[in-house]
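First the structure, in the form of structure tokens, and then the observations on it.
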2 protein chains.
Amino acid sequence: MSKQCYGVVGLGAMGMGMAQSMVKEGLETWGCDLNPKALETFKAAGGKVAKDVHELVSKADVIFLVVVNAEQVEAVLFTSGAFEKIKAGAVVIVCSTVKPEYAESVGERLAKRNILMLDAPISGGAVKASQGQITVMASGPQEAFDKAQKGLDAVAAKVYCLGKEAGKGSGMKVVNQLLAGVHIAAAAEALAFGIRMGLDPEKVYEVITNAAGNSWMFENRVPHILANDYTPLSAVDIFVKDLNIVLDTARKVSFPAPLSAAAHQQFIHASGAGFGREDDSAVIKVFPGIKLPKGK
Amino acid sequence: MSKQCYGVVGLGAMGMGMAQSMVKEGLETWGCDLNPKALETFKAAGGKVAKDVHELVSKADVIFLVVVNAEQVEAVLFTSGAFEKIKAGAVVIVCSTVKPEYAESVGERLAKRNILMLDAPISGGAVKASQGQITVMASGPQEAFDKAQKGLDAVAAKVYCLGKEAGKGSGMKVVNQLLAGVHIAAAAEALAFGIRMGLDPEKVYEVITNAAGNSWMFENRVPHILANDYTPLSAVDIFVKDLNIVLDTARKVSFPAPLSAAAHQQFIHASGAGFGREDDSAVIKVFPGIKLPKGK
């Protein structure tokens, strides 16, 4: 096998960390993004800059798509015409959170030109991405996992292989986002209620993180509220979108999801009230009659 | 100070472990319960058996009430007339999950006879109770904490002091039960949805417990579902009751709690469908169109 060449489309918070992790591992890695600053940063870190997606896909044997949503996947891969320039036998790794049915449709279209796909949503956040320590929930043919292995090893602490079919990776991500969204909305509901009852919010955090009511999201997000710091690490509008995906997917298979629906309404409320671009913990701002912590 | 004497009213799963933990620490501990078998077990473990609550309260300086709900607290303490027999200066520790306003009312009535109260809901389950390792979320006057200290040390790994006023302990428990109930219902919704999408439920457990969607309850309860074992450790009907308390308390202070309300409906559905006495993870049985794991 001749020397492999990697590509990352989308050098945002996640994609930049992943691309740099591959460079650190000595992999030839091409990046592209609409933001010239991101390209400069990547070049300074030893990456190769493609002038557009067409150039990138004509170079790369393994292409990570780290764009925001299905609309961007569609635009970058198909509307742009890049699809026609991808090398036969290349692997496209779709990392965006998309509906399982959309992941299936991308796989079918790529297969027509003998391009392999991994349906491979990611989680872990920007810090873990910069450390090459994200989690990848992937499904696709074994050949695609094999061809992409060095790249996956470079970016991920853990790669779950969830089956051969596109859709399984995205399905698992949907399950995770369902829980993540419900748990953030529940953390907000519980903390706001505690404040309403006159409890000290710092005490609520201390007790709950040591009790059966704890969740990963409660432990992670409540400190933002206690510090009165709503700088978006992940924004309210991301969960408006991700719970859209959860609920659209659920409807498609006639699956009732009342907790997801209730959480979705809370994020929509927060977005409508003007907090859409704040940290997702700002969903607590929808509750009336409470004084939120002022921070220190 | 003369030798203190302890009492435990209610030798069920939690109370028995707590009473035995005090016996192990060398504290003189009296127990009473309506179930003669529980009394035999406690006697065999070195405990002293009171013939009724009247005898118990006439002996004990510190009385743990470990009964199921507010109705039982009311019956045991007041309707029975035991209230009149409690020693002046004694401490009554109410461990049941009750509404904060009810805890306040008990405290006010006890204060009329100079009896101290700790509003002290517990968590941790039967195993931790038997090891003297429960968590106590308590509020009340410092004098009550001081007088009860040896008993609290014997039963608890951690005692949170949440303020002087009755109601704060119960308020914290309400916050915990809100999260616990929502998280169990969310775990069921997420796992059932994963199964509906064709994901392997064992894989869902593996991925989610290592991802941001995890919760204490997901990690603890999903194994019951995977094992097809709905032997009640805590039953569906407990969460029907506890979310009743959450929502009644919320209504009282005009606090909207949409996720709690959605979770409550799921537990009510499960109870109405005949699963009320099964493990609370049986709330997953409300979802249509899925095949639950058969266990091994």
Complete set of residues in the stretch A:270-289 that are crowded, with 17+ Cβ neighbours inside 10 Å and within 14 Å of chain B (Cβ to nearest Cβ):
A:ALA270, A:ASP280, A:SER281, A:VAL283, A:ILE284, A:LYS285, A:VAL286, A:PHE287
Unique match (being on the phi < 0 side of the Ramachandran plot, at pLDDT 95 or above and surrounded by 16 or more Cβ atoms within 10 Å (Cβ to Cβ)) among A:GLN133, A:GLN149, A:GLN142
A:GLN133
Is one or more of the residues making up the stretch A:167-186 assigned to a loop (DSSP other than H, G, I, E, B), more than 7 Å from chain B (Cβ to nearest Cβ) and closer than 23 Å to B:ASP200 by Cα?
yes
Screening A:ASP242, A:ASP200, A:ASP229, A:ASP248 for residues that are in contact with a helix residue (DSSP H, G or I) (Cβ under 8 Å, 6 or more places away or on another chain) and either closer than 18 Å to A:VAL98 by Cβ or surrounded by fewer than 21 Cβ atoms within 10 Å (Cβ to Cβ) (or both) leaves only A:ASP242
Any chance the stretch A:205-216 includes a residue that's farther than 21 Å from B:LYS173 by Cβ and of a type in the set (A, V, I, L, M, F, W, C)?
yes
Only one residue in B:VAL49, B:VAL66 is closer than 20 Å to B:ASP153 by Cα and either out of contact with any Cys (no Cβ under 9 Å at 6 or more places or on another chain) or not acidic (Asp, Glu) (or both). Which one?
B:VAL66
Go through the residues of the stretch B:232-253 one by one and say whether even a single one is in a helix (DSSP H, G or I), polar (S, T, N, Q) and out of contact with any Asp or Glu (no Cβ under 7 Å at 6 or more places or on another chain).
yes
What number of residues within the stretch B:126-137 are in a helix (DSSP H, G or I) and more than 12 Å from chain A (Cβ to nearest Cβ)?
4
Total residues in the stretch B:93-125, condition within 17 Å of the chain's Cα centre (by Cα), hydroxyl-bearing (Ser, Thr, Tyr) and more than 14 Å from every other protein chain (Cβ to nearest Cβ):
1
Under the condition of being without any contact (Cβ under 8 Å) to a residue 24 or more places away in the chain and more than 22 Å from A:GLU104 (Cβ to Cβ), which residue from the stretch B:187-207 is nearest to the other protein chains (Cβ to nearest Cβ)?
B:GLU206
Run A:SER215 past the list (1) small (Gly, Ala, Ser); (2) within 10 Å of another protein chain (Cβ to nearest Cβ); (3) touching a residue at least 40 places away in the same chain (Cβ under 8 Å) and report the number of the one that doesn't hold.
(3)
Considering only the stretch A:207-224, I want to know if a residue exists there that is surrounded by 18 or more Cβ atoms within 10 Å (Cβ to Cβ), of a type outside the set (Val, Ile, Thr) and over 30 Å from B:ALA156 (Cβ atoms).
yes
Going residue by residue through the stretch B:260-267, is there one that turns out to be within 14 Å of chain A (Cβ to nearest Cβ) and within 18 Å of A:ASN214 (Cβ to Cβ)?
yes
Residues in the stretch A:139-149: is at least one within 15 Å of the chain's Cα centre (by Cα), touching a residue at least 60 places away in the same chain (Cβ under 8 Å) and more than 13 Å from chain B (Cβ to nearest Cβ)?
no
Need a quick list: strands (runs of 3 or more DSSP E) entirely within the stretch A:44-125 having at least 1 residues that are without any contact (Cβ under 8 Å) to a residue 40 or more places away in the chain and in the same structural domain as A:CYS32 (by TED's automatic domain parsing).
A:91-94, A:116-119
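The values are calculated or read from the model by the stated rules, or taken from the named source; none is laboratory data. In this text, all values refer to a predicted model and were calculated from it rather than measured experimentally. In this analysis, Cβ positions are derived from the backbone assuming ideal geometry, glycine residues included, and neighbour counts consider all displayed protein chains.
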